[in-house]
Amino acid sequence: MPQTNKPTTKSIKHFSVKELCQTLQISALDIGALTQSEFPLKIPADFLAQIEIGNPLDPLLKQVLPVLAETNQVPGFSLDPVGDLNNNPTPSLIHKYHGRVLLIASPKCDIHCRYCFRRHFPYEQQINQRHWHKALGLINQDESIHEVILSGGDPMSLSEAALVTLIEKIEQIPHIKTLRIHSRTPVVAPSKAPETLFIEWAKRSRLNKVLVVHCNHANELSGQTAQLFQQYRLAGFQLLNQTVLLKEVNDNSDVLIDLSHALFNQGILPYYLHQLDKVQGASHFEVSDLQALELHENMRQKLPGYLVPKLVREIEGQPYKTPL
Ligand code: SF4
């Protein structure tokens, strides 16, 4: 990685698009950067450190830089592509699948991924202590629910104390057997990810613990992520990964195969390879189903079965992720 004057602090420095392009020594004009967006640029220092200076095609940069193509109105791309708002019995709770519920634990993320299917989701109306209290009450009353999935935003963008308080409340519900956390923070901002209190909780918890991280390219992983994942594993977490298939980021079988190996080297099993959710503003990331199937077949030919993620798409109204 070239030497740079990139920030190295734990905090998230808020860059403008112009500042980011200057830091990375690329031309905002040449790359079609969008300087204003309702879903603004947000990039943590750890993730920035993994981007190659002077490379406008860097696969990590592509995931975070707002570009003019986001303003294209493309038929079939909508504000709520997976119907979250239609399965929302109370603010902060999403109940789509049998036996498990999704609790929106945080209104924010440590990064803004341009392809995010929740980029238009009204988080600010969904999260506060009162909503959590009501959501936990509903979970308590429904004994068919055995797994709570914390999602967001990103649950690990909460303060460590707030996260542990919430999961201790979930643990007190007797019929909950499994806690699953979906988070991109340990990959994109490992220096901000919860450690001490969270790991102490995990070591003493009666719950099955699953952490599903979100990594799209092997370049996102580092020595720092390896160390963090080792701690989580030793604390009893099963580590899985989900990847979104993204044009000009990872739509190449060598890149996807490298990713599976890199994840496994850090103790993580590839779980899902998602086709893009068709959210407005992300059409330029779309990979055709035909290409996705070819890529997946190439992975199958070159990887052991346990390193081949399931190729799926989320379809509104379906009781599970739909295999392609
Ligand atoms: S971390 Fe996840 S929820 Fe947050 S912007 Fe990225 S894809 Fe969306």
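The values are calculated or read from the model by the stated rules, or taken from the named source; none is laboratory data. These figures come from a predicted structure and were not determined experimentally. Because the Cβ atoms are built from the backbone with ideal geometry, glycine has one as well, and the counts that use them run over all protein chains shown.
Residue by residue, here is whether (1) over 25 Å from Tyr97 (Cβ atoms); (2) at pLDDT 95 or above holds:
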position: Leu259; (1), (2): yes, yes
position: Ala262; (1), (2): yes, yes
position: Gly267; (1), (2): yes, yes
position: Tyr271; (1), (2): no, yes
position: Leu290; (1), (2): yes, yes
position: Leu295; (1), (2): yes, yes
position: Arg300; (1), (2): yes, yes
position: Pro309; (1), (2): no, yes
position: Glu314; (1), (2): no, no
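Per-residue answers, yes or no, for (1) among the β-branched types (Val, Ile, Thr); (2) in contact with a Lys or Arg (Cβ under 8 Å, 6 or more places away or on another chain); (3) at pLDDT 95 or above:
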site	(1), (2), (3)
Glu143	no, no, yes
Glu147	no, yes, yes
Asp154	no, yes, no
Ile176	yes, no, yes
Val188	yes, no, yes
Ala193	no, no, yes
Val213	yes, yes, yes
Asn219	no, no, yes
Gly223	no, no, yes
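In the condition set (1) touching a residue at least 40 places away in the same chain (Cβ under 8 Å); (2) within 23 Å of Arg119 (Cα to Cα); (3) not polar (S, T, N, Q), Glu286 is compliant with all but (1).
Which of the residues spanning the stretch 15-31 are among the charged types (D, E, K, R) and either not in a helix (DSSP H, G or I) or not assigned by TED's automatic domain parsing to the domain that holds Pro59 (or both)? Steps first, answer last, please.
Going residue by residue through the stretch 15-31, those that are among the charged types (D, E, K, R) are 18-19, 30.
Once the filter is applied, which keeps residues that are among the charged types (D, E, K, R) and either not in a helix (DSSP H, G or I) or not assigned by TED's automatic domain parsing to the domain that holds Pro59 (or both), the stretch 15-31 yields only Asp30.
On the stretch given as the stretch 234-263, residues that are touching a strand residue (DSSP E or B) at 6+ places or on another chain (Cβ under 8 Å) and either under 22 Å from Glu195 (Cα atoms) or free of Cβ contacts under 8 Å to residues at least 24 places away in the same chain (or both) total 9. For the stretch 277-324, the tally of residues that are surrounded by 12 or more Cβ atoms within 10 Å (Cβ to Cβ) and of a type in the set (Phe, Trp, Tyr) stands at 1.
Within the stretch 199-214, take every residue that is farther than 14 Å from Leu239 by Cβ and surrounded by 15 or more Cβ atoms within 10 Å (Cβ to Cβ) and give me the one that is farthest from the chain's Cα centre (by Cα). This residue is Ser205.
In this structure, Phe39 qualifies as touching a His at 6+ places or on another chain (Cβ under 8 Å), at pLDDT below 95, part of a loop (DSSP other than H, G, I, E, B) and surrounded by 12 or more Cβ atoms within 10 Å (Cβ to Cβ).
For Arg119, are the conditions met, namely being over 20 Å from the mean Cα position of the chain (by Cα) and modelled with pLDDT under 95?
Working: over 20 Å from the mean Cα position of the chain (by Cα): no; modelled with pLDDT under 95: yes.
Here the answer is no, as Arg119 does not meet what is asked.
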